[in-house]
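Student: Sharing a structure with you now.
Nothing in this text is a laboratory measurement; each read-out follows from the coordinates by a stated rule. This is a predicted model, so every value here is computed, not measured. Please note: Cβ atoms are built from the backbone with ideal geometry, for glycine as well, and neighbour counts cover all protein chains shown.
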Amino acid sequence: MKPMTTEQAIWTRDLYLKSLELESKTTARVLAAVPVEAGEYKPDGNSRTAMDLLRHIAVTDNRFVEAVVNGEFNVQNTLPETVRTPTDVAEWYATRHAANRAALANLPADALLKPVDFRGMFTWPAVMFLQLGLHHAIHHRGQLSAYLRAMGSKVPSIYGESYDATQARLAAAR
């Protein structure tokens, strides 16, 4: 494959910025929908708990964008100890993600093209991690959204109106 050009790097960044914004809003709604009392829920003994999955999504979704902005993966970044509840995590996530997207929007092409090592497994131009990070977040968000109803929560709209959103809309119209 030919090396990515500066024009391609900027185009890729700009393409993913809008998707990152839209998906992060959806992710924040899913994170906030986890009931505080159901944080230890997991559908199987080998599954992550809801809180573990929620924290993983919040941290890693930001980590992928930060890897592009900073030109390296920092696996030491974790949630602050003051961030404890699903609502806290959703708010921390949304605030940090917005700041990361703002930094990304202003990143010059040479930073987007910087080779970034992914945990010793492969090296890509930084901007390519936007796609990987987006897919990673959507995958885990799907897992967490599948937990919600079993935990006694409502499933927010993700791609189109959810059953719970439809029921709320119909009830409000009565």
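Student: Can you give the percent of C-alpha pairs in the chain whose distance is more than 21 Å?
Tutor: 51 percent
Student: Put +1 on the Cβ of every Lys and Arg and -1 on every Asp and Glu Cβ in the chain; which of 170, 111, 59 then has its Cα farthest towards the positive end of the dipole?
Tutor: 170
Student: If R0 is 35 Å, what FRET efficiency do you get for residue 18 and residue 164 from their C-beta distance, rounded to 0.05?
Tutor: That gives a FRET efficiency of 0.85.
Student: Here's a follow-up. Among 76, 136, 146, whose Cα projects farthest towards the positive end of the dipole of segment 6-173, with charges put on the beta-carbon of Lys, Arg (+1) and Asp, Glu (-1)?
Tutor: Looking along the dipole axis, the top candidate is 146.
Student: Continuing with this model, one more query. Cross-link candidates for residue 25: which lysines have Cα within less than 22 Å, leaving aside residues fewer than 8 places away along the same chain?
Tutor: List returned: 154.
Student: Rank by packing, highest mean first: peptides 5-16, 162-173, with packing defined as the count of other Cβ atoms within 10 Å averaged across residues.
Tutor: Output ranking for 5-16, 162-173: 5-16, 162-173.
Student: Right, something else. Can you list the GluC sites (Glu not before Pro) in segment 77-174 that are in a DSSP coil and have 15 or fewer other beta carbons within 10 angstrom?
Tutor: Here the sparse-neighbourhood loop sites are 81, 161.
Student: Let me ask something else about it. Give me the net charge for the shell around residue 165: Cβ to Cβ below 15 angstrom, other residues only, Lys and Arg +1, Asp and Glu -1.
Tutor: Local charge sum for residue 165: +3.
Student: Any idea what the dipole of segment 66-172 comes to, in debye rounded to 20, about its Cα centre with Lys/Arg Cβ at +1 and Asp/Glu Cβ at -1?
Tutor: Taking the Cα centre of segment 66-172 as origin, the dipole is about 280 debye.
Student: Hand me the GluC sites (Glu not before Pro) from segment 17-48 located in a DSSP loop with no more than 15 other Cβ atoms within 10 Å, in residue order please.
Tutor: Counting only loop positions with at most 15 other Cβ atoms within 10 Å, the GluC sites (Glu not before Pro) in segment 17-48 are 40.
Student: Sticking with this one: How large is the dipole of segment 1-89 about the Cα centre if only Lys and Arg carry +1 and Asp and Glu carry -1, each at its Cβ, rounded to the nearest 20 debye?
Tutor: 160 debye
Student: What are the DSSP H helices in the chain that stretch 24 Å or more along their long axis, judged by alpha-carbon atoms, and whose average Kyte-Doolittle hydropathy comes to at least -1.0?
Tutor: Both cut-offs are met by 6-32, 50-70, 86-105, 129-148.
Student: Where a Cα-Cα gap under 19 Å defines reach, which lysines qualify for residue 2, not counting those fewer than 8 residues away within the same chain?
Tutor: Excluding near neighbours in sequence, the set is 114.
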